[in-house]
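Below is one structure, written out as structure tokens, with a few remarks after it.
Derivation of every value follows stated rules applied to the coordinates shown; laboratory data play no part. Everything numeric in this text was worked out from a predicted model, so none of it was measured. Using ideal geometry, Cβ is built from the backbone for each residue, glycine included, and neighbour counts are taken over all protein chains shown.
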Amino acid sequence: MAALLEIAGISKNFSGLKAVQNVSFNVPEGAIVGLIGPNGAGKTTCFNLVAGVYRPEAGEIRLAGRRIDGWRPDQICRAGLGRTFQLVKPFAGLTVMENVVVGALKQSHSVRAAKQIAARVVEQLGLQSKCHEPAGSLTLPDRKRLEVARALATAPRILLLDEVMAGLRPTETDRMVGLFKDLNARLGLTILMIEHVMRAVMALSRHVVVLHHGQVIAAGAPGEVTRDPAVLECYLGEDAL
Amino acid sequence: MRAPWLDGAPSREIILLCLLLAALILFPALANDYLITVLILIFYFAYVGQAWNLMMGFAGQLSLGHALYVGLGAYAAAALYVHFGISPWLGLWVSVAVAAGTGGLIGFLAFRFGVAGVYFAILTIAFAEFARLAFDHWSWVGGSAGFFLPVANYAKNDLVNLRGSPTMFYYVLLAMTVGAFLVCHALLRSRAGYYWLAIRESPEAAQALGINLFRYRMYVVVLSAAMTSLGGVVFAFYYNNLFPEQVFHISRSIELILAPIIGGIGTLFGPIIGAFLLTALAEGLDEIMRTAGLDIPGVKQIFYGVCLLVVVMFLPDGVWPPLAKVLQLDGQRGQDQPGC
């Protein structure tokens, strides 16, 4: 079975710094794949290549069989890819609800229908009590939730999550994990997640890709990967076990 | 910048607006000619301010050359009327087309080649300056000596050719101001309105949600240019004279953005409140100076500067948002509607 997202040999340099080098991995339809690695490993750059913020200098990216490398972010979104930003980018002057409506308007050209979609998503993320507050007044965990809500409102086939658990309390993390599990099981939503919170990675992903210095150094089940000597050396350290 | 225009305006707001509108409709019957001309000025600034606000306040694209669209609209309709006797009601379509086309060209150059922010603003100034120089040397429309419309006989109103008394212009501009308000109100509740606000707040996030930045920025620039040009048409037929050095001058571009800035950028009432405050106070100042027998050149500009300073320092969101709160007209949506 062809994977929903196929990444084949992509590379990106930033004025000489090889941020991503010849990275290849697949995300099968319906899977939850974790992308981990130490700070500066190239995870977010990898995301930005997939989401169209940067154009890869080499390699191919396919979404549902169609080549999307070189497309603009809005085209890639319309092709069915939703993403969150690690450094959250809420529409600060708009309310939480309005933020999510903007995302929902990708699904429906009617504002009325978009509001109904948005209301459901806001509730799913537990933001309903804050739905008329300006997004700029939210706390960081709520802003992370809003990032997810906005991306979900576009009804993506694949969701790219960039450290949405960071800064959440363990109970909040568990709640978010539960939400993604549910979306994955019920709607078949495919997820590619960058995550430092191992608790979340272990709970969600059956497949993990480890990036270091812009290269894939290991891939496999989380249990195997965390025992991989190369991974232990670069990232987790002896103490982590 | 809150957004007090989404989700069902409270009836209190609508009642107050209707009362205000009724007062303005009856106003010419009670007021003298001087007050009518002041109101004409207020409506003009409210109208073009609303058009500019659409672009800056809602989509975050700063134009400092909006006098360009006023001038193009004014010259196009005036030239067609003077040279061919074409009614301004037909001429305005040419004005709109010329202004929209020029706005589209500026937008295309800017958004296609990634000219944004301050550089975009400079580009808009540059185009206004090009137009000023070009019209200075274009003898068909009078060049630098100016272009004049035949002065009307104020005894008889000719709405078809926009020749008539200030009262006629009063109603034309009142209709335009109300129309611009309603159009902007509707636009903001539309898909495009949400997309513009998203682009204003964060272009990257907007793009990640599937919004074609180029397309929606082009829409707003073309729309704002077209709306502004209609202000120019009325301007030409009201003043009956056009000088490139005045019409396209950067001071005109600045003058027409003061009302929305002082009233509140990104609000629907801001340009209107701002135009009322600025024009009424400036005219009041004029009156005081005249009574006192003082003649200080540039006092109006200094007054504008002081107003701007006060607003920037004490009311960074403009006059309208705090005023709306005091008048309890900011919707209070959160309290009215439980949940979402």
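Overview of values
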{"quantity": "Average partner coverage of A:83-92, which counts Cβ from other chains inside 10 Å", "calculated": "4"}
{"quantity": "Set of lysines with alpha-carbon distance to A:K89 below 23 Å, sequence-local pairs under 8 removed", "calculated": "A:K43, A:K106, A:K115, A:K130, A:K144"}
{"quantity": "Net charge, A:P73 excluded, C-beta distance under 9 Å - Lys, Arg +1, Asp, Glu -1", "calculated": "0"}
{"quantity": "Total charge dipole magnitude, chain A, about the Cα centre, Cβ charges on Lys, Arg, Asp, Glu only, Debye to nearest 20", "calculated": "880"}
{"quantity": "Order by protection proxy (mean Cβ within 10 Å, highest first), peptides B:228-239, A:4-15, B:52-63", "calculated": "B:228-239, B:52-63, A:4-15"}
{"quantity": "For the protein assembly as shown, alpha-carbon Rg and Dmax in angstrom", "calculated": "28.5, 96"}
{"quantity": "Dipole of segment A:90-155, positive end: most advanced residue of A:C131, A:L152, A:Q107 [Cβ charges, Cα centre]", "calculated": "A:Q107"}
{"quantity": "P(r) weight above 30 Å for chain A, C-alpha pairs, percent", "calculated": "23"}
{"quantity": "Kyte-Doolittle mean at least 1.6, axial Cα span of 18 Å or more - DSSP H helices of chain B", "calculated": "B:11-30, B:166-188, B:299-314"}
{"quantity": "Ranking of A:D142, A:D228 by count of other Cβ atoms within 10 Å, fewest first", "calculated": "A:D228, A:D142"}
{"quantity": "Estimated FRET transfer efficiency (B:S144, B:Q328; beta-carbon r; R0 60 Å; 0.05)", "calculated": "0.70"}
{"quantity": "All aspartates and glutamates inside 20 Å of A:K12 as judged from Cα atoms, apart from same-chain residues fewer than 8 positions distant", "calculated": "A:E57, A:E60, A:D69, A:D162, B:E204"}
{"quantity": "Dipole of segment A:9-132, positive end: most advanced residue of A:I36, A:I10, A:T84 [Cβ charges, Cα centre]", "calculated": "A:T84"}
{"quantity": "Per-residue Cβ neighbour rank within 10 angstrom, fewest leading, B:C18, A:C234, A:C46", "calculated": "B:C18, A:C234, A:C46"}
{"quantity": "Selected from B:I199, B:I250, B:I302 as most flexible by GNM, with chain B as the system and alpha-carbon contacts under 10 Å", "calculated": "B:I302"}
{"quantity": "Shape metrics for chain B, restricted to C-alpha atoms - Rg then Dmax, Å", "calculated": "20.1, 65"}
{"quantity": "Two-site FRET efficiency, B:Y239 against A:A2, from Cβ-Cβ distance with R₀ of 45 Å, rounded to 0.05", "calculated": "0.05"}
{"quantity": "Spin-label pair B:V183/B:A97, simplified geometry with 7 Å Cα→Cβ offset, distance in nm", "calculated": "1.7"}
{"quantity": "In segment B:140-216, the chymotrypsin sites (Phe, Trp or Tyr not before Pro) that fall in loop regions by DSSP, at most 14 other Cβ within 10 Å", "calculated": "B:Y154"}
{"quantity": "Förster radius 60 Å - calculated FRET efficiency between B:L315 and B:F84, Cβ distance, rounded to 0.05", "calculated": "0.80"}
{"quantity": "Segment B:238-282 residues near the modelled B:M289 label - backbone nitrogen below 11 Å, point 7 Å along Cα→Cβ", "calculated": "B:282"}
